[in-house]
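Peer 1: Have a look at this one.
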Amino acid sequence: MRRRFNDMKLGVFTVLFGSKPLEEMLDYVVDLGIEAVEIGTGAYPGDAYCKPEELLASEKKLKALRQAISRRGLVVSALSCHGNPIHPQKKRADADHAAFMSTLQLAKKLDVETMITFSGCPGGDAKAEQPNWIVSPWPPEFSKMLDWQWRERVTPYWKQAAKTAKAAGVKVAIEMHPNFVAYNPESMLRLRDIAPKTIGCNFDPSHMIWQQVDVTSAIRALAGSIFHVHAKDCRVDRANTMVNGVLDGKSYTREIERSWIFRTVGYGSDALFWKDMISNLRMSGYDHVLSIEHEDSLMSGDEGLKKAVAFLRPLLIAEPAGAAYWA
C-alpha cells in the first residue's frame, strides 16, 4: 500500500516572545519562515498572547486574533496550559483546572484540534500539601502512595477531563515530564488508556534524552498517540553524569556543574538523530508540526530560535512530487 505524507510544518512555542506585541511577534515568526504557532493560555506558560476568559467573552477579540494569525498564512498547532490540575493544594489545582477548561472551550471556538498540558502530580495522601513524584517502589510506603495517587487522584480526574475534552472535540496532548505522573512512555500509555482517542502525548525529545530513553524507540511505543511534538534538544554532560548520574536538582543556570542541560536544536544531537526522529514520527502516524521550544540557557531566545530554524528547515523540505513511502 502506498502512503503519502503532507509536508511537516515548522512551528514555535510563542511563550518565547512574551515581551513582544502580538502583531510584531507574528510578523517576526513569518519572516523566519515559521508556519505554525503554539500559544500559551495560562498555568506555567502564561497567557501573554491568548487570555481565554477575555476571548471567550468577546467575539470581536476572538475574531481579531483569528484574523491576525490567518492573514499571515499561519496555523495554530496547539493551545498550551501546562499545569498541575491535581496539585494537593486546592487553590493551585482549581486555578490550573480552570485554565484547562477555558483552554478547551477556546480551542473549540478557534477550531484548534489540540491542547497541551501536563498530567499533573498529586501528593502522597489526602493530607499532603506538596506534590510527591514517586519513582521507586521502596521503602514500601512509596508503592502504596503511588497506588493511591492513580486510584484516588489521577484516574478520576482524567476520566472526567477526557469526557469534557471529547465533548468539545479537542484532543489533549500530555507532555511527558519528570515531576509529573506521566514522564516516560510506560506512564504515558497508562494515562492514555483512560481515554485512548482523546488523551495522547506532546512528544518532547529533550525530556527523553536526559532520562536515557531512546527517542526513536519511544516514538514507536507511542505510535498513534502522539498528538503534538516539541523540537527541543538536550545535552548530557558525560563527565558530570559519570560521577552523579542523570538526576540533577541544581539550577539550570549552573551549566558547567549539571549532568545535563536543555539546548537549542542541533546543539545536543546531530542531524542524523533529528532525521531519524522525523522519519519515525512519520512512520508512526505523525506528520503535523515540529514546534520549537527554546529553553537553552546558553543562548538568547533570538539566537536560539534562528539557529533551530536554520537547522530544522532543510530536514523538512518536501520530497519531489510523486515521492512516497512504501509501507
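The values are calculated or read from the model by the stated rules, or taken from the named source; none is laboratory data. Just so it is clear, the structure is predicted and the values come from calculations on it, not from any experiment. Here the Cβ is made from the backbone with ideal geometry for all residues, glycine too, and neighbour counts use every protein chain on show. Areas reflect the complete protein model, heavy atoms only, side chains present, ligands, DNA and RNA absent. Shrake-Rupley method; radii C 1.70, N 1.55, O 1.52, S 1.80 Å.
Peer 1: Could you grab the relative contact order for the chain? Cα pairs under 8 Å, six or more apart, rounded to a whole percent.
Peer 2: 19
Peer 1: Kindly report the accessible area of segment 115-215 per residue (heavy atoms of protein chains, probe 1.4 Å, no ligands, DNA or RNA), in Å².
Peer 2: Accessible area per residue, segment 115-215: 46 Å².
Peer 1: May I pose another question? Rounded to the nearest whole Å², what accessible area per residue is found for segment 1-92 with the 1.4 Å probe? Please list the in-between numbers first.
Peer 2: On the way: 4620 Å² over 92 residues.
On a per-residue basis, 50 Å².
Peer 1: Same structure again: Can you give me the % of accessible surface on segment 191-324 that is carbon or sulfur? Probe 1.4 Å, all protein chains present, nothing else counted. Can you show the working numbers first?
Peer 2: On the way: 3190 of 6000 Å².
Ligands and nucleic acids excluded, carbon and sulfur reach 53 percent.
Peer 1: While we're looking at this one, here's another question. Using all alpha carbons of segment 134-237, what is the percent of pairwise distances in each 10 Å bin, ordered from the shortest bin to the longest?
Peer 2: Going from the shortest bin to the longest, the percentages are 14, 43, 32, 10, 0.
Peer 1: Which Cα, out of 173, 298, 247, lies furthest along the positive dipole direction of the chain (beta carbon charges, K/R +1, D/E -1)?
Peer 2: The residue sitting most towards the positive pole is 173.
Peer 1: Quantify, in whole percent, the carbon and sulfur part of the accessible surface of segment 1-137 (1.4 Å probe; protein heavy atoms only).
Peer 2: Its accessible area is 51 percent carbon and sulfur atoms.
Peer 1: How much of the DSSP bridge set in the chain is antiparallel, in percent, rounded to the nearest 5?
Peer 2: Of the beta bridges lying entirely in the chain, close to 20 percent run antiparallel.
Peer 1: Can you tell me the Rg and the Dmax, both Å, for the Cα atoms in the chain?
Peer 2: In Å, with Rg to one decimal and Dmax whole: 19.6, 61.
Peer 1: Given contacts defined as C-alpha pairs under 8 Å and at least six residues apart, what's the relative contact order of segment 124-203, whole-number percent?
Peer 2: Dividing the mean separation by the residue count of segment 124-203 yields 27 percent.
Peer 1: Magnitude of the Cβ-charge dipole of the chain, K/R +1 and D/E -1, about the Cα centre, nearest 20 debye?
Peer 2: The dipole of the chain has a size of about 920 debye.
Peer 1: Okay, next question. Before rounding to the nearest 500, sum -39500 (n - 2.57) across all DSSP H runs of length at least 4 in the chain and divide by the residue total; then give [θ] at 222 nm in deg cm²/dmol. Let's see the in-between values first.
Peer 2: Working: 12 runs with 124 residues, N = 327.
My calculation for the chain gives -11500 deg cm²/dmol from helical runs alone.
Peer 1: Scan around residue 260 for amide H atoms under 5 Å from its own, H built in the peptide plane at 1.01 Å from N, and keep only partners 5 or more places away or cross-chain.
Peer 2: The answer is 237.
Peer 1: Okay, next question. Would you calculate the volume per residue, in Å³, of the smallest convex hull containing every Cα atom of segment 191-327?
Peer 2: Spelled out: Cα convex hull of segment 191-327, divided by residues, is 133 Å³.
Peer 1: In addition: Throw me the Rg/Rh for segment 1-105, computed over C-alpha atoms with Kirkwood Rh, two decimals.
Peer 2: With Rh from the inverse mean 1/r over Cα pairs, Rg/Rh is 1.05.
Peer 1: Something else: Can you give me the span-like helices of the chain, meaning DSSP H runs with 15 Å or more of Cα extent along the axis and Kyte-Doolittle mean at or above -1.0?
Peer 2: 59-70, 90-110, 155-168, 271-283, 301-312
Peer 1: How big is the charge dipole of segment 1-71 about its Cα centre, in debye rounded to the nearest 20, if each Lys and Arg gets +1 on its Cβ and each Asp and Glu gets -1 on its Cβ?
Peer 2: About 460 debye.
Peer 1: Another question, then. Give the residue from 264, 277, 76 lying farthest towards the positive end of the charge dipole for the chain; charges sit on Cβ (+1 for Lys and Arg, -1 for Asp and Glu) and the dipole is referred to the Cα centre.
Peer 2: So the residue furthest toward the plus end is 76.
Peer 1: So for segment 239-300, what are the equivalent ellipsoid semi-axes in whole Å, largest first, each being the square root of 5 times an eigenvalue of the Cα gyration tensor?
Peer 2: Details: eigenvalues 152, 42, 21 Å².
Listed largest to smallest, the semi-axes of segment 239-300 are 28, 14, 10 Å.
Peer 1: Mind jotting down the distance between the C-alpha centroids of segment 51-94 and segment 241-293, whole Å?
Peer 2: First find each Cα centre; the distance between them is then 27 Å.
Peer 1: Let me ask something additional. Return the long-range amide H neighbours of residue 231 (sequence gap of 5 or more, or a different chain), with a cut-off of under 5 Å between placed amide H atoms.
Peer 2: Amide H neighbours of residue 231, under 5 Å, 5+ apart: 291, 292, 293.
Peer 1: If each of residue 257 and residue 242 carries a label point 7 Å out from its Cα toward its Cβ, how far apart are those two points in nm?
Peer 2: For the pair residue 257/residue 242, the computed spacing is 2.1 nm.
Peer 1: Give the relative contact order (percent, whole number) for segment 33-153; include only Cα pairs under 8 Å separated by 6+ residues.
Peer 2: Reported as a whole number, the value is 23 percent.
Peer 1: How do the peptides 300-309, 256-265, 36-45 rank, highest first, by the average count of neighbouring beta carbon atoms within 10 Å per residue?
Peer 2: Result, highest mean Cβ count within 10 Å first: 36-45, 256-265, 300-309.
Peer 1: Find the accessible area per residue for segment 252-306; the probe is 1.4 Å, ligands and nucleic acids are left out, and the unit is Å².
Peer 2: Value returned for segment 252-306: 43 Å² of accessible area per residue.
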